[in-house]
Ligand code: C2O
Ligand code: CU
């Protein structure tokens, strides 16, 4: 049986040079203007859209004065370009690794075959190119993201800046009725609660995310909101913000600084049933949420603040994360009243499983197992079959430590949260869900389209420090 983590690499090609044109730079935007990652342009090869990503290293000398911080990015030195895809599109991703160390690239939330998923088995050796090809088959309009997923190295590589957004258009009328002009009224917001240690490196251990151990920074699209509030001016009366929490460990609560309401239109895995008026939104690591701000209703700029909460401690700080203004003079059109229809999965005959997330000191466990090595089809792998409907109870039995639960391949529906029926965004599809200490979340899902008897999906806590410390198991969908 194949073993991962032994240096075996899969589906490699010889390295080709990729032009780095879509640079995102860390913390150097002038005048407080929010930097916006470029859209990645595809080249067409006989009807296949080919997206080239070059994982590369860089340095930053401006984020913390006197410190030269190592960074990494895709097609630039921090973060990566946005990949915009449409259901039915044939695509190939050519990922070249120029990091000087092994990496992988996982398409978080994408419904894709296990051999193309970019988990720990899809190692890309330094200097090599990995080229997964697929037809986009998501079925939902959603905001996904891509990031490394090596066994035990995810936190290190994500902390350096290896993360980018992926936007899926499902062709629905509802998605088209929402703001969808990228960079104009449809804006990516990559939030990172990060910290720079006294040694001048991005923190990757939980105990370095404190003001005494490190310089805390809240980054928005690579710009430090800790130092100057990013500003965004749009020409529309309404703007859609695609929020991603790309932090290693911290949950982020987003609210307007005037406490007024705003509208959520999508969870991390799809549009909500209908627009949801909220006054704050907590987003755990790895999660996304789409919100719409009505700008013509406000006389002044709409200001958003982010309250950062370490998953082990209390509130750490509030950052003024974004100030959005509009040059539009007429009121925005109404939002559609219905955004999505979701067919409830029939779990009457579902296979049921329980996953208990716990810790023994720094060792992070699922059902008592630390998934720090993974053998295909070993005793720890969760085995299911193509087409199966399953219902899982996820319990956080740690004291005072938040965990969250992310499943690869398919989104899930939420049956209950701490014993109560789901409300708000939890009535939509999700792929990541926070589980508070001492509580359980029940989810159900169906494994469709893709099966493989050699390649594995993953299920894990998306506090990526916990993930690296073992809170991850393999999932095999067998044909
Ligand atoms: Cu965002 Cu298994 O990962
Ligand atoms: Cu966790």
* Sum -39500 (n - 2.57) across every DSSP H segment of at least 4 residues in the chain, then divide by the residue count to get the 222 nm mean residue ellipticity, nearest 500. => -1000 deg cm²/dmol
* Gyration tensor over alpha-carbon atoms, the stretch 333-445, equivalent ellipsoid semi-axes in Å -> 27, 19, 13
* To do: Report the extension gain between residue 479 and residue 87 in nm, rounded to one decimal, defined as 0.36 nm multiplied by the number of residues separating them, less their alpha carbon distance.
  => 138.7 nm
* **Cα→Cβ-extended label distance, 7 Å offset, between residue 61 and residue 274, nm** => 5.7 nm
* Computed FRET efficiency, Cβ-Cβ of residue 253 and residue 228, R0 22 Å: what is it to the nearest 0.05? -> 0.55
* To do: Determine by what factor the alpha-carbon radius of gyration of the chain differs from 2.2 N^0.38 Å, reporting the quotient.
  => 0.91
* Asked: Using alpha-carbon pairs under 8 Å, 6+ residues apart, how would you state the relative contact order of the chain in percent?
  -> 14 percent
* Relative contact order for the stretch 12-171 using alpha-carbon pairs under 8 Å, separation at least 6, rounded to a whole percent? -> 26 percent
* **Additional length obtainable on full extension of the chain from residue 70 to residue 50, 0.36 nm per residue less Cα span** => 4.3 nm
* In whole Å, how far is the Cα centre of the stretch 249-307 from that of the stretch 191-235? -> 20 Å
* Between the alpha-carbon centers of the stretch 115-156 and the stretch 356-399, tell me the distance in whole angstrom. => 21 Å
* To do: Using every pair of alpha-carbon atoms in the stretch 186-326, split the distances into 5 Å bins beginning at 0 and state the percent of pairs per bin, rounded to integers.
  => 2, 10, 20, 23, 19, 12, 7, 4, 1, 0
* Cα atoms only, the stretch 58-106: Rg and Dmax in Å? -> 14.9, 49
* Structure fact -> Whole-percent tail of the Cα-Cα distance distribution for the stretch 12-171, cut at 28 Å, equals 18 percent
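We did not get these values from a lab; they are worked out from the coordinates using the rules stated. Everything quoted here is computed from the prediction, not taken from an experiment. Every residue, glycine as well, gets a Cβ built from its backbone with ideal geometry; the counts of neighbours run over all protein chains shown.
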